[in-house]
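Working notes, structure below.
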Number of protein chains: 2
Amino acid sequence: MKLASLKHGRDGKLVIVNSALTHMVSAENIAPTLQYALDNWTAVASKLNTLFDDLEGGNCIGLPFEQSTCASPLPRAFQWADGSAYVNHVELVRKARGAEIPKSFWTDPLMYQGGSDSFLGPHDDIQLSQDEGFGIDFEAEVAVITDDVPMAVSADQALNHIRLIMIMNDVSLRGLIPDELAKGFGFFQSKPSSAFSPVAVTPNELGNHWQNGKLHLTLLSHLNGNKFGEPNAGVDMTFDFGQLIAHAARTRPLVAGSIIGSGTVSNKLDGGPGKPISEGGAGYSCIAETRMIETIKTGKASTPFMAFGDHISIEMFDENQRSIFGQISQRVCKV
Amino acid sequence: MKLASLKHGRDGKLVIVNSALTHMVSAENIAPTLQYALDNWTAVASKLNTLFDDLEGGNCIGLPFEQSTCASPLPRAFQWADGSAYVNHVELVRKARGAEIPKSFWTDPLMYQGGSDSFLGPHDDIQLSQDEGFGIDFEAEVAVITDDVPMAVSADQALNHIRLIMIMNDVSLRGLIPDELAKGFGFFQSKPSSAFSPVAVTPNELGNHWQNGKLHLTLLSHLNGNKFGEPNAGVDMTFDFGQLIAHAARTRPLVAGSIIGSGTVSNKLDGGPGKPISEGGAGYSCIAETRMIETIKTGKASTPFMAFGDHISIEMFDENQRSIFGQISQRVCKV
């Protein structure tokens, strides 16, 4: 089934959306919010599924579904941890500054603890106090929402705790990252509020595209209307979502509604870094990666980061060219 | 007023506690949970205050208050960010490994993004899969809970957003920190679930001890029943809570119920590092600091980290020797 949270109060109002994303029906009588549904999944999932089947089968008519009325599926969450599963992306960052990545990066997932208190809606502006110097970047990623995960869960078992899947824009302020990481405590100000797709879907909705904790479909990013990236999220993902969840839960349980991200989706090309769309490659899921390639090739990055007014859209289509999660569509604006 | 969350479901059940911490009265009819109260503070605060006044003045009898029945005031929260405001603590860590701290550490707060999904109750065991190699440590800190804080708030204005104050045990796994920080993404597995005091109090409850965003009282830690630290939380705090909140909110708003921590409370002595309790000093609010002093003095740390069965208690008393927040009392156990 597919679920969305209409903008309403702090936690949104849960609706069930049909697979074509044209119609919705309120889930209010079963679960007022998505967090409530996740808190009580075993009790409510089959009822929500029935509602989805009714909507899908035409047994209930529903209302028109407008993506612009959506908050992120979880407008605020209790846990948001972002992996960096496409190690290719990390390798490029390091390569651009002439450094090798440690071998352990291929066996031990990189993950940062994100802030989960205030996610942006999928069509909300990215509001910031300045663009100059902040190095505003998007990062197109896949993310999952778990139920309650026990501490020290195995990677295999962790796969059974995935309830929903989304795509996302992990907004990053590249200009703030070097100083922040140099302090040794990880990201903070360099990771402002992120945005998730209008719709979250259960793994079964993805059919064969969801396999062994990876989503084998193209993640499409457009910057100011121009195609910027179309890597396949199932390719070059060094750690699957089971491994990422197990990493996050090694020393703590995760509560229902925990969001785990894949990190920036990035494909290699013939064993090396990918090419821009303009050169026939799969392009990139963030501006920084383009800039690294430019730096490696020419010694200098030429693609600018985002400025006020710039627009990013992120979407994923199935084999019938139907949008699975709806579109993330955001403009950068001055707060 | 003083508030606590009795263990109940995922978010606890809100009670008002008298200042002597002997009696409580349910706040259920005003706000079922503390998160609800914070989400609706302007609507409910005066009603909760009236309830507190009634309990305090004997107009309602209340029920006996048992600290052991408490969850953390917010059993799960949407935001938990921990500063490192006692730069003395950071200086010691670096000194122990022969490094200087960057000058910017005295003007730009260090802060890490913590995980807020599963806090321990104040009397809950600290459950971990192993003690060997994990380097289990406590960290005694002060923490505040905010209401909604706008992005880019000033440090002065931020002080007006503090609704509640607590003390806490920020559990740290020292054995996992070096490898984790070396990866560059900050803490994750090295910071398992933390615990907060049974009771959260409004700033006015602290009288003159709360001044300019600092809590001027002794934070008392006992390890296995022996006094381990009694530094004054108002002394050597380089950044006040207004500055810490402003740092956290530079590029994102904070939602109501955001928790901001002070970092490990640490006092200098005559401009240098403090002394252990046994040598007449104020002692330390974590084992790591003791070990650093030992390393600096003798080249080798001799105080062990916590093992299964070890106990930590953290408490703060007012000038009449009355416990303000109740006691954090935790034993380390195998999960």
Restricted to the stretch A:291-300 and to residues being out of contact with any Leu (no Cβ under 6 Å at 6 or more places or on another chain) and touching a residue at least 60 places away in the same chain (Cβ under 8 Å), the residue nearest to A:K268 (Cα to Cα) is A:I293
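Do we find a residue being away from chain B (no Cβ under 12 Å), at pLDDT below 95 and open to solvent by 60 Å² or more (accessible area, probe 1.4 Å) anywhere in the stretch A:64-82? Talk me through it step by step, then tell me what you get.
First, the residues of the stretch A:64-82 that are away from chain B (no Cβ under 12 Å): A:64-73.
Keeping just the survivors that are at pLDDT below 95 gives none.
No.
Tally the residues that are over 25 Å from A:A200 (Cα atoms) and at pLDDT 95 or above, restricting the search to the stretch A:253-276. Full working, then the answer.
Filtering the stretch A:253-276 for residues over 25 Å from A:A200 (Cα atoms) gives A:268-276.
Add one more test, that the residue is at pLDDT 95 or above, and what stays is none.
Total meeting the criteria: 0.
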Within the stretch B:113-142, the residues that are open to solvent by less than 20 Å² (accessible area, probe 1.4 Å) and among the hydroxyl-bearing types (S, T, Y) are B:S116, B:S118
When the stretch B:153-194 is checked residue by residue, the ones that are away from chain A (no Cβ under 14 Å), aliphatic (A, V, I, L, M) and assigned to a helix (DSSP H, G or I) are B:A155, B:A158, B:L159
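Could you tell me how many of the residues in the stretch B:5-22 are buried (at least 22 other Cβ atoms within 10 Å of the Cβ) and within 14 Å of B:S323 (Cα to Cα)? Please lay out each step first, then the result.
Taking the stretch B:5-22 first, the residues buried (at least 22 other Cβ atoms within 10 Å of the Cβ) are B:5, B:12, B:14-17.
Checking which are within 14 Å of B:S323 (Cα to Cα) leaves us with B:17.
Result for the stretch B:5-22: 1.
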For the stretch A:89-123, the count of residues that are within 12 Å of chain B (Cβ to nearest Cβ) and in contact with a strand residue (DSSP E or B) (Cβ under 9 Å, 6 or more places away or on another chain) equals 12
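For the condition open to solvent by less than 50 Å² (accessible area, probe 1.4 Å), assigned to a loop (DSSP other than H, G, I, E, B) and either under 30 Å from B:L128 (Cα atoms) or at pLDDT 95 or above (or both), what is the one hit in B:S302, B:S285?
The conditions single out B:S285.
Given the structure, is A:K334 over 30 Å from B:R76 (Cβ atoms), open to solvent by 10 Å² or more (accessible area, probe 1.4 Å), charged (D, E, K, R) and within 14 Å of another protein chain (Cβ to nearest Cβ)?
Working: over 30 Å from B:R76 (Cβ atoms): yes; open to solvent by 10 Å² or more (accessible area, probe 1.4 Å): yes; charged (D, E, K, R): yes; within 14 Å of another protein chain (Cβ to nearest Cβ): yes.
Answer is yes for this residue.
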ask   = Are any of the residues in the stretch A:224-238 crowded, with 24+ Cβ neighbours inside 10 Å, part of a loop (DSSP other than H, G, I, E, B) and aromatic (F, W, Y)?
value = no
Note: among B:G263, B:G309, B:G326, B:G257, just one is open to solvent by 10 Å² or more (accessible area, probe 1.4 Å) and closer than 19 Å to B:L120 by Cα, namely B:G309
Note on the stretch A:244-299: residues in contact with a Ser or Thr (Cβ under 7 Å, 6 or more places away or on another chain), within 14 Å of another protein chain (Cβ to nearest Cβ) and farther than 21 Å from A:V142 by Cα are A:R252, A:P253
Could we say that B:N208 is within 23 Å of B:A249 (Cβ to Cβ), assigned to a helix (DSSP H, G or I), open to solvent by 40 Å² or more (accessible area, probe 1.4 Å) and away from every other protein chain (no Cβ under 14 Å) here?
no
Checked A:L173, A:L159, A:L128, A:L120 against criteria (over 27 Å from B:P150 (Cα atoms) and not hydroxyl-bearing (S, T, Y)); the one match is A:L159
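Working carefully through the options B:N29, B:N59, find the one that is exposed (fewer than 15 other Cβ atoms within 10 Å of the Cβ), modelled with pLDDT under 95 and over 19 Å from the mean Cα position of the chain (by Cα).
Details: B:N29 fails: modelled with pLDDT under 95.
Sole residue among the options that is exposed (fewer than 15 other Cβ atoms within 10 Å of the Cβ), modelled with pLDDT under 95 and over 19 Å from the mean Cα position of the chain (by Cα): B:N59.
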Taking the stretch A:34-48 and the residues there that are open to solvent by 30 Å² or more (accessible area, probe 1.4 Å) and touching a strand residue (DSSP E or B) at 6+ places or on another chain (Cβ under 9 Å), the one that is farthest from A:T146 (Cα to Cα) would be A:Y36
For the stretch B:55-69, pairs from a residue that is in contact (Cβ under 8 Å) with a residue 40 or more places away in the chain to a residue that is part of a helix (DSSP H, G or I) and crowded, with 18+ Cβ neighbours inside 10 Å, with Cβ under 7 Å and 6 or more apart or across chains, are B:G62/B:L55
Only one of (1) open to solvent by less than 20 Å² (accessible area, probe 1.4 Å); (2) within 28 Å of B:P178 (Cα to Cα); (3) not in a loop (DSSP other than H, G, I, E, B) does not apply to B:G242, and that is (2)
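The values are calculated or read from the model by the stated rules, or taken from the named source; none is laboratory data. The structure presented is a predicted model; accordingly, all values stated were derived computationally and were not measured. Glycine gets a Cβ as well: all are built from the backbone with ideal geometry, and neighbour counts include every protein chain shown. These accessible areas exclude ligands, DNA and RNA; they are computed on the full protein's heavy atoms, side chains included. Shrake-Rupley method; radii C 1.70, N 1.55, O 1.52, S 1.80 Å.
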